[in-house]
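The values are calculated or read from the model by the stated rules, or taken from the named source; none is laboratory data. Quick caveat: nothing in here was measured; it's all calculated off a predicted structure. Here Cβ is always computed from backbone atoms with ideal geometry, including for glycine, and neighbour counts include all displayed protein chains.
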Amino acid sequence: MRRFVGAALAGLGGLLLVVAVGLPLFVAPAVAKLPYTLAPCPPPPAAAPDGCLKPTVAEASNAQVLLINAKGVNVITANLRTTVEVLPQVKLTADQQDAGKLDKNAVIWAVYQTTTIQETGEGVSSTSTELALDRTSAEAVNWSGQWIEDQNSPIQYSGLTYKFPFGTQQRDYKIYDTDVRAASTAKFQSVENVNGVEVYHFVQQIPDTNVTVAPDSMAALLDRFTPDAKTGTVSYRNTREVWVDPVTGAFINVRERPHQELHTDTGQTQVLLDADFTYTKDTVANSAASAKANASQLKLVTLYGPIGLGVLGLVLVVVGVLLARAPRPTTPTGAWDETLPEPRHSLRGEPGYRAADDEAPSNAR
């Protein structure tokens, strides 16, 4: 019996060791990927279910911004709010993969960005785009269907966009900027702590760069701000800072300081945008809480699970082997074996002996 129990324990321990090795090798890579299905959170006051995708909100106080409305074309000073919503396109992703137009390890995202005046909710600008991301590295992948603002406006994304890779390293990465239509380096700066999450701080400096402006939009700008000018350009620069959870690659906090100016052939300039956006406290708190939950799940399959199962499996193997190899107990020669049944008769000459204990007389028939 002891050998049977030992063999069973050793077998169970061996199985646990196999599972411990398999978790980081096979399960973890599958978990550390962008999921195909991420449901957006419903708008308030509806309750947000666990795991839903919440929009990110950044605000800028006393910003200068170009506002085009019924009152005309003007640059105003206002408190701005920018909201970014990400909606994974599950069906489109599957259709494009089945048609061989998209890599099997990619997912398509639709992203909607709106900027409004905080006090009134009046719209300042809005942009929509659709792009494909590698589910592991989070980098943009080559996909013929990507577009920005409308489906007739193609764009070629590259580098990182809305998140960093799982297992972000302390090194430089390239982040794509939709204004200059190019990816440039975001340099690693430091390790910091944001809302209880250890984060990596990156800074991207985009120098003054001329950006493309539609001819009719340029004509409207020149007519409003520099009527004597015949031609003009719009320059753009930005300092972008991101604080990234290195385990999941999620943005915990973001700060951007975009600046746009109109330059004309008459030498005149006009500021079109000057703002300092940063995530709101609620967005930072939501991002940190989500990162903590996702990081715990990843660590369960990459660290805690393998270690715990490995130690338990090793202990069971050792105990099982010891039990299986333990010698069977032996009974000394001549010793009374207590497992034998009680004798039915007393021996002649022993106390309590009775004649009836002997066999019946031979004449008893």
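Considering every residue within region 18-33, establish whether at least one is assigned to a loop (DSSP other than H, G, I, E, B), modelled with pLDDT of 65 or more and not charged (D, E, K, R). Scanning region 18-33, I find no residue that is assigned to a loop (DSSP other than H, G, I, E, B), modelled with pLDDT of 65 or more and not charged (D, E, K, R), so the answer is no.
If I filter region 211-232 for residues that are outside any loop (DSSP other than H, G, I, E, B) and touching a His at 6+ places or on another chain (Cβ under 8 Å), do I get at least one hit? Checking region 211-232: at least one residue is outside any loop (DSSP other than H, G, I, E, B) and touching a His at 6+ places or on another chain (Cβ under 8 Å). Only residues that are touching a Ser or Thr at 6+ places or on another chain (Cβ under 9 Å) and among the small types (Gly, Ala, Ser) were counted in region 168-192, giving 2.
Within region 36-76, restricting attention to residues that are under 27 Å from Lys91 (Cα atoms) and either among the charged types (D, E, K, R) or not assigned by TED's automatic domain parsing to the domain that holds Leu87 (or both), the residue that is modelled with the lowest pLDDT is Asp50. Of the candidates Gln204, Gln146, the single residue that is closer than 22 Å to Ser287 by Cα, over 21 Å from the mean Cα position of the chain (by Cα) and surrounded by 13 or more Cβ atoms within 10 Å (Cβ to Cβ) is Gln204. Only one of the numbered conditions (1) crowded, with 19+ Cβ neighbours inside 10 Å; (2) within 33 Å of the chain's Cα centre (by Cα); (3) not charged (D, E, K, R) is not met by Phe225, and that is (2). Out of all the residues in region 244-259, is one or more in contact with a strand residue (DSSP E or B) (Cβ under 6 Å, 6 or more places away or on another chain), touching a residue at least 12 places away in the same chain (Cβ under 8 Å) and hydroxyl-bearing (Ser, Thr, Tyr)? The answer is no, given that none of the residues of region 244-259 is in contact with a strand residue (DSSP E or B) (Cβ under 6 Å, 6 or more places away or on another chain), touching a residue at least 12 places away in the same chain (Cβ under 8 Å) and hydroxyl-bearing (Ser, Thr, Tyr).
Residue-by-condition table, conditions (1) on the phi > 0 side of the Ramachandran plot; (2) loosely packed, with under 13 Cβ neighbours inside 10 Å; (3) without any contact (Cβ under 8 Å) to a residue 12 or more places away in the chain; (4) not small (Gly, Ala, Ser):
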position	(1), (2), (3), (4)
Val65	no, no, no, yes
Thr77	no, yes, no, yes
Thr93	no, no, no, yes
Ser137	no, no, no, no
Gly159	yes, no, no, no
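Scanning region 250-279 for residues that are touching a helix residue (DSSP H, G or I) at 6+ places or on another chain (Cβ under 9 Å), within 30 Å of Gly167 (Cα to Cα) and either part of a loop (DSSP other than H, G, I, E, B) or of a type in the set (D, E, K, R) (or both) turns up just one, Ala250. Of the residues Thr233, Thr168, the single one that is assigned by TED's automatic domain parsing to the domain that holds Val271, more than 22 Å from Glu130 (Cα to Cα) and either loosely packed, with under 14 Cβ neighbours inside 10 Å or free of Cβ contacts under 8 Å to residues at least 40 places away in the same chain (or both) is Thr233. When Asp103 is tested against the conditions (1) more than 29 Å from Met218 (Cβ to Cβ); (2) buried (at least 17 other Cβ atoms within 10 Å of the Cβ); (3) touching an Asp or Glu at 6+ places or on another chain (Cβ under 9 Å), the lone failure is (2).
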